[in-house]
Amino acid sequence: MLTVDHLRKRLPDGKLLLRDINFSVGEGEFVAILGLSGTGKTILLRCINRLTTPDGGEIVLTDNGSSLNITESNAGEIREVRRRIGMIFQGFNLVKRRSVIENVLIGKLGRISVVRSLMRRFEDGDVEMAHRALSRVGILDLADRRAGTLSGGEQQRVAIARSIVQDPCLLLADEPVANLDPTTAEVVMNHLRSISVDNGISALAVLHQPELARKYATRVLGVRDGVIVYDGDARLSDDDFELIYGGNNA
Ligand SMILES: Nc1ncnc2c1ncn2[C@@H]1O[C@H](COP(=O)(O)OP(=O)(O)OP(=O)(O)O)[C@@H](O)[C@H]1O
Ligand SMILES: [Mg+2]
């Protein structure tokens, strides 16, 4: 459902950061991306949701039989790409001055101004849908709180609820639990995995903890020196670990 083929991306200084990235993610897979800091994991995700433009190769997203060529999309198609791809960030990316429920509704409606006009129309089912999403991640009681007053773990669960109402076919997560304590990280990872399994959403998550990848991912991609050096089981052997993180063959 996501295919990345011979992807290349240069930095502004001309350095070829991603040299030849090839992988695909099947329906319902939960794939962890591992790699040293600075290898281009974030840039890879940004190529996939077209926050940045690749320099070569092809990325294709297939959903319900219809294919979108992400690399060749025009502005209208890029909007459609972003609608079909949910994003979870390390820093949560909520509108901190707005309520939790408004932040969740952004997933459905795209803009806060639309959310505000909708909130005054009680007949609409979207608010109900947002409540259900908050309930699924266990924070319905926080619906009316300002997002900025929540703890990190609570904010990340709001971001997950926002993704649920967006109803994407692919979820991209960039270090979703990097700012959280180990226990809260497990809670958030569990929610991510649940929505992937229950809603049939494929997930691609950059993680810095191989043990979380082992526990939650169905597969691991290791990025190093601009290519995928490992694509396989989430239980890494010592050799696999060395291949991805080791210091000798950089
Ligand atoms: N806009 C930019 N201009 C110049 N260099 C950039 C830009 N964006 C990223 N880079 C560089 O590209 C490299 C890869 O960045 P990226 O953020 O993708 O790494 P990463 O693998 O996500 O690292 P980390 O694990 O630390 O998040 C880094 O050296 C970074 O400084
Ligand atoms: Mg990064």
- Note on the structure: Quick numbers on the stretch 1-143, Rg and Dmax over C-alpha atoms in Å, give 18.0, 54
- Heads up, the stretch 166-250 by the C-alpha gyration tensor (a ≥ b ≥ c square roots of eigenvalues; a/c under 1.5 rounded, else a/b over b/c prolate, else oblate) looks prolate
- Query: Accessible surface of Ser67 in the full protein assembly, 1.4 angstrom probe, to the nearest 10 Å²?
  - Reply: 80 Å²
- Round to the nearest 0.05 the FRET efficiency obtained for Thr52 and Arg145 when R0 = 35 Å and r is the Cβ-Cβ distance. 0.55
- Query: How do 164-172, 126-134 rank on mean C-beta neighbours within 10 Å, highest first?
  - Reply: 164-172, 126-134
- Item | Value of relative contact order over the stretch 120-215, rounded to a whole percent, pairs C-alpha under 8 Å and six or more apart | 27 percent
- Once the whole set of protein chains is in place, how much accessible area is left on Lys108, using a 1.4 Å probe, in Å² to the nearest 10? 90 Å²
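Rounded to the nearest 0.05, what FRET efficiency is calculated for Ser194 and Asp20 with R0 set to 41 Å and r the Cβ-Cβ distance? List each step's numbers first, then the result.
On the way: r = 34 Å, r/R0 = 0.84.
The computed FRET efficiency comes out at 0.75.
With every protein chain left in place, what is the accessible area per residue of the chain in square angstrom, probe 1.4 Å?
That works out to 47 Å² for each residue.
In whole percent, and with a 1.4 Å probe on the protein chains, what portion of the accessible area of the chain is carbon and sulfur?
46 percent
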- Task: Quick one: accessible surface of His191, probe radius 1.4 Å, all protein chains present, in square angstrom to the nearest 10.
- Result: 40 Å²
- Message: Quick check: residue separation of His6 and Asp225 times 0.36 nm, minus the Cα distance between them. What number comes out in nm?
- Response: 77.4 nm
- Over the stretch 74-216: Kirkwood hydrodynamic radius from C-alpha pairwise inverse distances, Å: 15.3 Å
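With an 8 Å Cα cut-off and a minimum separation of 6 or more residues, compute the relative contact order for the chain in percent. Working shown, then result.
On the way: 481 pairs, mean separation 68.2, N = 250.
Reported as a whole number, the value is 27 percent.
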- Task: Any chance you could tell me what percent of the C-alpha pair distances in the chain go past 33 Å?
- Result: 19 percent
- Would you calculate the separation in nanometres between label points at Glu72 and Asn93, each defined as 7 Å from the Cα along the Cα-to-beta-carbon direction? 2.7 nm
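The values are calculated or read from the model by the stated rules, or taken from the named source; none is laboratory data. Everything quoted here is computed from the prediction, not taken from an experiment. We place every Cβ from the backbone using ideal geometry, glycine too, and count neighbours over all the protein chains shown. Surface accessibility is based on the protein's heavy atoms, side chains included, excluding ligands, DNA and RNA. Shrake-Rupley method; radii C 1.70, N 1.55, O 1.52, S 1.80 Å.
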